[in-house]
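**Student:** Here you go, one structure.
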Amino acid sequence: MSKLKQTLPALAVIAVLLAAWWGTVAATRSVIFPTPWQVVTGTIELVKDGTLWGHIGSSLMRVGLGFGLAVILAVPLGLWMGWVKGAYVTLNPLFQILRPISPIAWIPIAILWFGVGNASPIFLIFISSVFPMIVQTIVGVHTIERRYLRAAENFGVSRYTLFRQVVIPAVLPQVLVGMRIGLGVAWLVVVAAEMIALRSGLGYLIMDSRNAGNRYDLVIAGMIIIGLIGLMLDGGMRVLESHKLVRWRYAH
């Protein structure tokens, strides 16, 4: 019941926005911009002909591969840079130069290097999500409370044991924060890449619907589906953040 009460304000805002949307379209008598009901019927059409699930699956596959590769590289690299001062001093300037570059700016390079297949968006997802995770992992190592390290040293533990049983558990909350940020950026980037270089995925669905007879009901449907999937992905990361292995970091 308490969770229901917490969602009521959000549902009320959504209902007001839908009513305003419907009323605006009716008042302007627009023949192009769809009503909410037309978006619903368009979504049902996509579900019935089976194309919606194919586009969703393609986008999720690309995000999964690119984001997974970024995690595999970013977490060990961030731990190493955070723990070894020489690595941080050497590599950090390079990452600080590359990190502010918009992932969208990499699209021409990705097409030049990898063509217009799946490799281009996977590369874009990788390049967009790897830097937030590296930075957050480094921050996690640098902000470990010194008393944890001193306590381990007092027991004479080896560097390997110190790293495995103290450093990694202490850094894990920051790693998950970086993963959450990186996943959000990755989901945004794959849609932009699909609009330009592919013939499948939710980004392609939006552009194809616009070009094939001004099907703006399907355009809006694609946008809403993208937002809902993004919300679910973020919710999944929030569930990981509440796991007992990392929850202690936020305890008071």
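**Student:** How much length would be gained if the chain were fully extended between GLN96 and ARG199, taking 0.36 nm per residue of separation minus their Cα-Cα distance, in nm to one decimal?
**Tutor:** Once the chain is fully extended between GLN96 and ARG199, it gains 33.7 nm.
**Student:** Taking the number of other C-beta atoms within 10 Å as the exposure measure, put ILE32, ILE196 in order starting with the fewest.
**Tutor:** Ordered from fewest to most neighbouring Cβ atoms within 10 Å, ILE32, ILE196 come out as ILE32, ILE196.
**Student:** What percent do you get for the relative contact order of the range 1-131 when only Cα pairs under 8 Å and 6+ apart count?
**Tutor:** 26
**Student:** Taking only Cα atoms and a 10 Å spring cutoff, compute GNM fluctuations for the chain and point out the largest among PRO108, PRO100, PRO121.
**Tutor:** The residue with the greatest mean-square fluctuation here is PRO100.
**Student:** Residue farthest toward the positive end of the dipole of the range 1-140, with Cβ of Lys/Arg at +1 and Asp/Glu at -1: which of GLN6, LEU79, LEU91?
**Tutor:** Result: GLN6.
**Student:** Then there is this: Between GLY213, VAL189, PRO34, whose Cα lies farthest towards the positive end of the dipole of the chain when Lys and Arg beta carbons carry +1 and Asp and Glu beta carbons carry -1, centred on the Cα centre?
**Tutor:** VAL189
**Student:** Something else now. Quick one: plug the Kirkwood hydrodynamic radius of the chain (C-alpha pairs) into Stokes-Einstein at 4 °C, 1.567 mPa s, and report D in µm²/s.
**Tutor:** 62
**Student:** Additional query: Compute the distance in nm between two label points, each set 7 Å from the Cα along the Cα-to-Cβ direction, one at ALA10 and one at GLN165.
**Tutor:** Roughly 4.1 nm, to one decimal.
**Student:** Tell me the angle of helix 202-211 to the major Cα principal axis of the chain, expressed in degrees between 0 and 90 and rounded to the nearest ten.
**Tutor:** The angle comes out near 30 degrees.
**Student:** Given R₀ = 41 Å, what would the calculated FRET efficiency be for MET232 paired with ARG29, taking r from the Cβ atoms and rounding to 0.05?
**Tutor:** In this case the efficiency is close to 0.70.
**Student:** Defining a contact as two alpha carbons under 8 Å apart and six or more residues distant in sequence, what relative contact order in percent does the range 36-250 show?
**Tutor:** Relative contact order comes out at 27 percent.
**Student:** Listing SER242, SER209 from the residue with the fewest other Cβ atoms within 10 Å to the one with the most, what is the order?
**Tutor:** SER242, SER209
**Student:** Right, next: Return the equivalent ellipsoid semi-axes of the range 69-151 as a descending list in whole Å, where each equals the square root of 5 times an eigenvalue of the C-alpha gyration tensor.
**Tutor:** Each semi-axis is the square root of five times an eigenvalue, giving 31, 12, 9 Å.
**Student:** From the backbone phi of the range 87-98, what are the Karplus-calculated ³J(HN,Hα) couplings (6.51 cos²θ - 1.76 cosθ + 1.60, θ = phi - 60°) in whole Hz, Gly and Pro given as x?
**Tutor:** Listing the rounded values in order: 5, 5, 5, 6, 9, 4, x, 5, 5, 6, 6, 6 Hz.
**Student:** Could you derive backbone 3J(HN,Hα) for the range 131-147 from the dihedral phi with the Karplus parameters 6.51, -1.76 and 1.60 (θ = phi - 60°), listing whole Hz in sequence and x where the residue is Gly or Pro?
**Tutor:** In residue order, the calculated couplings are 5, x, 6, 4, 4, 5, 5, 4, 4, x, 5, 5, 9, 5, 5, 4, 5 Hz.
**Student:** Mean residue ellipticity at 222 nm from the helices of the chain, using -39,500 (n - 2.57) per DSSP H segment of n ≥ 4 over the full residue count, to the nearest 500 deg cm²/dmol?
**Tutor:** Theoretical 222 nm ellipticity from helices: -27000 deg cm²/dmol.
**Student:** In a GNM of the chain with a 10 Å cut-off on Cα contacts, which of TYR160, TYR88, TYR204 has the highest mean-square fluctuation?
**Tutor:** Comparing TYR160, TYR88, TYR204 in the GNM, the peak value goes to TYR160.
**Student:** Mind checking which of GLY213, GLY86, GLY140 has the largest fluctuation in a GNM of the chain, springs on alpha carbons under 10 Å?
**Tutor:** The residue with the greatest mean-square fluctuation here is GLY213.
**Student:** Compute, for the chain, the length of the dipole vector about the Cα centre, with Cβ point charges of +1 (Lys, Arg) and -1 (Asp, Glu) only. Units Debye, rounded to 20.
**Tutor:** 820
**Student:** Say each of VAL47 and VAL239 gets a label point 7 Å from the Cα, pointing the same way as Cα to Cβ; how far apart are those two points in nm?
**Tutor:** Placing both labels 7 Å beyond Cα along the Cβ direction yields 2.1 nm.
**Student:** Also: What is the distance in Å between the Cα centroid of the range 13-63 and that of the range 89-113?
**Tutor:** Each part's Cα centre sits 35 Å from the other's.
**Student:** Once phi is turned into ³J(HN,Hα) by the Karplus curve 6.51 cos²θ - 1.76 cosθ + 1.60 with θ = phi - 60°, what whole-Hz value does each residue of the range 106-112 show in order, with x for glycine and proline?
**Tutor:** Taking θ as phi minus 60°, the curve returns 7, 4, x, 5, 4, 5, 5 Hz for the range 106-112.
**Student:** Which trypsin sites (Lys or Arg not before Pro) in the range 1-107 sit in a loop by DSSP (not H, G, I, E or B) and have at most 16 other Cβ atoms within 10 Å of their own Cβ?
**Tutor:** Those that pass, being in a loop and sparsely packed, are ARG29.
No value in this document is a laboratory result; all are computed from the given coordinates. As the structure is a computational prediction, the values presented were derived from the model and not from experiment. Virtual Cβ from ideal backbone geometry, glycine too; neighbours counted across all protein chains shown.
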